[in-house]
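Take a look at the structure below.
The values are calculated or read from the model by the stated rules, or taken from the named source; none is laboratory data. In this text the structure is predicted, and so the values were computed from the model without any measurement. When we count neighbours, we look across all protein chains shown, and the Cβ atoms used for this are built from the backbone with ideal geometry, even at glycine. Ligands, DNA and RNA are stripped out before the accessible areas are found, and what is left, the full protein with its side chains, is counted by its heavy atoms. Shrake-Rupley method; radii C 1.70, N 1.55, O 1.52, S 1.80 Å.
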Amino acid sequence: MKKHPILSGMAKLALFLLGFALVIVFANTHLIQTDTIARLTISEMQQRSDIELALVGSSIVRDHFNAQLITEETGKTAFCATVPTASMPASIALTRELFETNSPEWVVLVTEPYNFITVREATEAQYKLMPFLSDPANMLDYYLRTCKEDGYYLDRLLMMRGFGAQSISDVVKTIGLRYFPQKMYERLLPDMDPTVSYQGSGFLRHETDERADDLIRTVIREYTGYHYELFDGSKEQLEIYKQLCEENGAKLMVVIYPNHTSHALAEPGFLDYNDSLMKFCAGMGVPCFNFSFARPELMPNLDQYFFDLYHMVGDGADILSRAFTRVFNAYAAGEDVSGLFYENRWQYLDSLNFTTNCWITAYQPGSEWNPALEQDEARVTDLARTQDVFLGDCNHYVMFRPEYKFVLLEQDGSETLLQDYGADTLYACEPGALSGQTLRLYARIQGHEDSGEVWYDLLVE
């Protein structure tokens, strides 16, 4: 029987498309770079069936919720189901994967404002999670959900182009972590960062003497174009997440991670995300606790534990984990925990009687005036006609007044006082008098000198 040419062509096309799809699947699962800790976490979660309390989210969960400590203090087997840079799409897919083998009583979704400045999912989260989802339907849903927001259907389909293996050793690592994750981890461990250790149950402990002081000095007060309310797409995904938990018999709790104080002081509207999320959760009937609002009797300020702008060392994680278990245990027992938190942002901000950082601006005549500078523009402009003018500023709550001190930092580290502490935010000198030298600014809050001072160095050109 003679084959119909059209049918024969369609069969060849179908075979080609099938072969192409298989090549894409193989490349996206075996020829990409792999996050070792993310793979260990997902693999361990897939092999367990005893998880009673699941904490879900990005690296803010992985690095800051000590699962063993939480298990001991709640009596419920805890696990951190996490993928670095994860937003809501990844959390949905990861939680679906969790429900494949586990039936937790509680699911705690941990978020921060940066999870909601966009509805989009970072591509970094996709390559760390998508290849290891066991259910093809979940994998497809995750892919379509991420593409829906940014339209990057082709880029996300061909993710090996951006995250492909760079060497044979990368391929060996990916394949090893895919099929023998624990053995490959033990093999890789001697060459990994010695300041981190995977503690099991999804918790990664950081032990380093490094702190974020230098980074925090760069967090200047921002005037961003962010939309500071939850997007409709974010609300939709939160509703999907709630329904997912209900369908699987899990109680949902939302926890807002306590970012470094500099974010709240530096970014107008930063706290609006938290308020918007708490309001939306209340409307859904979901408990939501903002640990940025934790009173001192629940948890001290954790700024000293941050080694970068978003993550803390293990001691900070332990403090946060104990504060969480105190709230969780009390809430689960039906107790009122509202007294452990500031009632609103104003009470919280009223407690911030310190500054996290300061900076100097060398004023240039004719430059655009920054409304953050607490100075009379006319006075500054007049001085700048005959002198070099340096303006000090710092992040602080408007209810508190800062004061500044200017010193000249000598090459041997000693200081020469130029202008002692006072409310004046500017220092003026003869043109070129400081050229090539380092001007240091100190800042503190008037009436709260015991809270400490911060400093910033400017190499004058």
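Where in the stretch 228-288 are there helices (runs of 4 or more DSSP H), lying fully within it, with 1 or more residues that are closer than 19 Å to Tyr310 by Cα and open to solvent by less than 20 Å² (accessible area, probe 1.4 Å)?
Counting at least 1 such residues, we get 261-266, 270-284.
Yes or no: the stretch 310-331 includes at least one residue that is under 20 Å from the mean Cα position of the chain (by Cα), without any contact (Cβ under 8 Å) to a residue 12 or more places away in the chain and surrounded by fewer than 19 Cβ atoms within 10 Å (Cβ to Cβ). Yes, there is a match, as at least one residue in the stretch 310-331 is under 20 Å from the mean Cα position of the chain (by Cα), without any contact (Cβ under 8 Å) to a residue 12 or more places away in the chain and surrounded by fewer than 19 Cβ atoms within 10 Å (Cβ to Cβ).
The condition (being buried (at least 24 other Cβ atoms within 10 Å of the Cβ) and farther than 14 Å from Ala317 by Cβ) is satisfied by just one residue among Thr41, Thr71, Thr29: Thr41.
If you check Ser59, Ser49 for being surrounded by fewer than 24 Cβ atoms within 10 Å (Cβ to Cβ), modelled with pLDDT of 95 or more, farther than 24 Å from Asp315 by Cα and of a type outside the set (A, V, I, L, M, F, W, C), only one passes: Ser49.
Taking the condition of being of a type in the set (Gly, Ala, Ser) and surrounded by 15 or more Cβ atoms within 10 Å (Cβ to Cβ), how many residues in the stretch 429-451 meet it?
Counting residues in the stretch 429-451 that are of a type in the set (Gly, Ala, Ser) and surrounded by 15 or more Cβ atoms within 10 Å (Cβ to Cβ) gives 1.
Within the stretch 153-168, can you find the residues that are in contact (Cβ under 8 Å) with a residue 60 or more places away in the chain and surrounded by 13 or more Cβ atoms within 10 Å (Cβ to Cβ)? Residues satisfying the conditions are Leu157, Leu158, Met159, Met160, Phe163, Gly164, Ala165.
Please verify whether the stretch 450-457 includes one or more residues that are modelled with pLDDT of 95 or more and more than 19 Å from Ile216 (Cβ to Cβ). Looking through the stretch 450-457, none of the residues is modelled with pLDDT of 95 or more and more than 19 Å from Ile216 (Cβ to Cβ).
Only one entry in Glu186, Glu246, Glu239 is within 29 Å of Tyr331 (Cα to Cα) and free of Cβ contacts under 8 Å to residues at least 12 places away in the same chain, namely Glu246. Looking across the stretch 351-365, the residues that are in a loop (DSSP other than H, G, I, E, B) and open to solvent by 10 Å² or more (accessible area, probe 1.4 Å) come down to Ser351, Asn353, Phe354, Thr355, Thr356, Tyr363, Gln364, Pro365.
With respect to the conditions (1) touching a strand residue (DSSP E or B) at 6+ places or on another chain (Cβ under 9 Å); (2) surrounded by fewer than 17 Cβ atoms within 10 Å (Cβ to Cβ); (3) over 15 Å from Leu55 (Cβ atoms); (4) not small (Gly, Ala, Ser), Phe306 lacks only one, and its number is (2). Once the stretch 118-152 is narrowed to residues that are in a loop (DSSP other than H, G, I, E, B) and under 30 Å from Ser262 (Cβ atoms), the residue that is most open to solvent (accessible area, probe 1.4 Å) is Arg120. One residue stands out among those in the stretch 98-117 that are in contact with a helix residue (DSSP H, G or I) (Cβ under 8 Å, 6 or more places away or on another chain) and acidic (Asp, Glu): the one that is least open to solvent (accessible area, probe 1.4 Å), which is Glu112.
Does Thr41 meet the test of being of a type in the set (S, T, N, Q) and under 22 Å from the mean Cα position of the chain (by Cα)? Here the answer is yes, as Thr41 does meet what is asked.
Reported count of residues in the stretch 80-97, each being under 13 Å from Thr41 (Cβ atoms) and surrounded by fewer than 24 Cβ atoms within 10 Å (Cβ to Cβ), is 2. One residue stands out in the stretch 428-446 among those that are in a strand (DSSP E or B) and modelled with pLDDT under 95: the one that is farthest from the chain's Cα centre (by Cα), namely Cys429. Meeting the requirement of 2 or more residues that are over 28 Å from Met192 (Cβ atoms), the helices (runs of 4 or more DSSP H) wholly within the stretch 1-117 are 5-30, 67-74, 88-101. Can you tell me which residue is most open to solvent (accessible area, probe 1.4 Å) among those in the stretch 169-201 that are touching a strand residue (DSSP E or B) at 6+ places or on another chain (Cβ under 7 Å) and assigned to a loop (DSSP other than H, G, I, E, B)? Ranking the candidates gives Gln199 first.
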